[in-house]
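The values are calculated or read from the model by the stated rules, or taken from the named source; none is laboratory data. Everything numeric in this text was worked out from a predicted model, so none of it was measured. A quick note on method: Cβ atoms are made from the backbone with ideal geometry, for glycine too, and the neighbour counts reach across all protein chains shown. Please note that ligands, DNA and RNA were not included when accessible areas were found on the heavy atoms of the full protein model with its side chains. Shrake-Rupley method; radii C 1.70, N 1.55, O 1.52, S 1.80 Å.
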Amino acid sequence: MSFTKQEIIDWLKEEDSNQLEQLWHMADAVRKQYVGDDVHLRGLIEVSNYCVRQCTYCGLRFDRNNLQRYRMTREEVIECAHEAVSFGYGTVVLQAGEDYGIKADWLGEIIREIKAATPLAVTLSMGERSLDELRQWRQDGADRYLLRFETSDPELYASIHPPLTKDHLSRIELLLKLREFGYEIGSGVMIGLPDQSYDILANDILLFRQLDLDMIGVGPYIPNDDTPLASVETALPQGQQVPNTELMVYKVIALTRLVCPEANIPSTTALASLNKAAGRENGLNRGANIVMPNVTPQKYREFYEIYPAKVCINEAAADCRYCIQGRIRNIDRGIGSGPGSRQNGVIAT
Ligand code: 5AD
Ligand code: FES
């Protein structure tokens, strides 16, 4: 479906519950038509919470010194991957802060071992690593790469992402490189960042389409008191600031599905953290088709604290498995098998 920027803005500002029901209904129908009823599960392994970057919103930022840091061992990562297989998951997502203690060869060997020993698709989410490293990991067998561009507005982006070096590629340039290397590419944004206007958020959604992303993850911005952005207030005039509410996240998920019908769209952990009872389910009923259950060993979970009150901090991987599978069954959706790669074209009419 094509939308003008003004139409997107109007939907983002819509408050009428009958109109919004229509939006959820349209998004759910398009989701069913293009990606079907199955919800694909991606086992999330939070490999390391070390990070060299200073993103002003993120609880893993380098300057945060009251956070205990950890890096999983190779054996632990491999064991988590096997556990994901035993739970029936088709993909593992290896995620970390931008951690140069994760050496290219170390991760490369892990990728090779997972690909040789299991049928899993491997998704990486390792931040802005060098082109050589990204190319190597693809050759090692990684299938997909997640790198959110966070906001399409260059000024807002610059204000929340101090660069590491002067001559770095932008995240959007990096995404294009990743696609060139043969990865499926995923990106996304946070919703409700201070100074994010409706105009900017509409541009974000249009950029999803322009990049023809294979995967699109969106979630609420959740202030973390141990980060500088938590004390920043919007400078936007009344009525222009996007709120970081659950409802706004649903609007963005639904519009993203309508604008990018073939994309794999997760109902995210950040959304579930805003509404633990029904956030995931509502996301799945309003355009999403993916969930990323956590398979990180229990002893590390509390330290991957990007934002406060994150769900599943005290759970074990098996708890999340049963929880998620039960939730999916309760909304009458199937559980996907296999890697659940990007679909091309309509699958059901
Ligand atoms: N609130 C919500 N999401 C956040 N992320 C980082 N910090 C926060 C926060 N405070 C998201 C970013 C990042 C992803 C891994 O987590 O979008 O890309
Ligand atoms: Fe982890 Fe529900 S998904 S407990």
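Numbers for the structure displayed
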| read-out | value |
| --- | --- |
| Directionally averaged projected area (convex hull, Cα atoms, the range 142-183), nm² | 3.4 nm² |
| Accessible heavy-atom area order of Glu128, Glu15, highest first, probe of 1.4 Å | Glu15, Glu128 |
| For the range 54-175, diffusion coefficient by Stokes-Einstein and Kirkwood Rh (Cα), 10 °C, 1.306 mPa s, µm²/s | 100 µm²/s |
| Solvent-accessible area per residue, Å², over the range 215-348 with all protein chains present [probe radius 1.4 Å] | 39 Å² |
| DSSP-defined antiparallel bridges as percent of all bridges, the range 116-275, nearest 5 | 5 percent |
| Residues Arg342 and Thr245, FRET efficiency given R0 of 22 Å [Cβ-Cβ distance, rounded to 0.05] | 0.15 |
| Heavy atoms of Val259 accessible to a 1.4 Å probe, total area in Å² rounded to 10 | 10 Å² |
| Pair-distance profile P(r), taking every C-alpha pair of the range 1-44, with 5 angstrom steps and integer % | 5, 17, 19, 21, 15, 13, 8, 1 |
| Ranking by accessible area, most exposed first, for Met292, Met126 with a 1.4 Å probe | Met292, Met126 |
| Mean Cα-pair separation over length for the range 114-249, i.e. relative contact order, pairs under 8 Å, 6 or more apart, % | 24 percent |
| Solvent-accessible area of Ile347 with every protein chain in place, 1.4 Å probe, in Å² to the nearest 10 | 90 Å² |
| Loop-located GluC sites (Glu not before Pro) in the range 266-349 whose Cβ has at most 14 other Cβ within 10 Å (DSSP) | Glu302 |
| Accessible area of Cys320 in the full protein assembly, 1.4 Å probe (Å², nearest 10) | 10 Å² |
| Mean separation of Cα contacts under 8 Å, 6 or more apart, over the residue count of the chain: relative contact order % | 26 percent |
| Sulfur and carbon atoms: percent of accessible area, the chain [1.4 Å] | 48 percent |
| Order by protection proxy (mean Cβ within 10 Å, highest first), peptides 38-45, 111-118 | 38-45, 111-118 |
| Cα gyration tensor shape of the range 31-103, rounded if a/c is under 1.5, else prolate or oblate by comparing a/b with b/c | oblate |
| Entries of Lys115/Lys177; Lys32/Lys299; Lys251/Lys310 with Cα pairs more than 27 Å apart | Lys32/Lys299 |
| In nm, spacing of pseudo-spin labels at Ser17 and Lys103 (7 Å Cα→C-beta vector) | 5.9 nm |
| Rough spin-label spacing in nm, given labels placed 7 Å along Cα→Cβ, for Glu173 and Glu302 | 4.2 nm |
| Evaluated at q = 0.14 Å⁻¹: base-10 log I(q)/I(0), Debye formula over Cα of the range 235-341 | -0.63 |
| Potential extension, Ile331-Arg74 segment - 0.36 nm per residue separation minus Cα distance | 88.8 nm |
| For the range 185-299, diffusion coefficient by Stokes-Einstein and Kirkwood Rh (Cα), 25 °C, 0.890 mPa s, µm²/s | 166 µm²/s |
| Cα gyration tensor of the chain - equivalent ellipsoid semi-axes, whole Å, descending | 28, 25, 20 |
| The chain - mean residue ellipticity at 222 nm from DSSP helices (-39,500 (n - 2.57) per run, n ≥ 4, rounded to 500) | -12000 deg cm²/dmol |
| Accessible area per residue in Å² at 1.4 Å probe, computed on the range 50-198 | 41 Å² |
| Kyte-Doolittle mean at least -1.0 and Cα axial length at least 24 Å: DSSP H helices in the chain | 17-35 |
| Most to least accessible of Lys32, Lys166, Lys103, Lys177 (protein chains only, probe 1.4 Å) | Lys166, Lys103, Lys32, Lys177 |
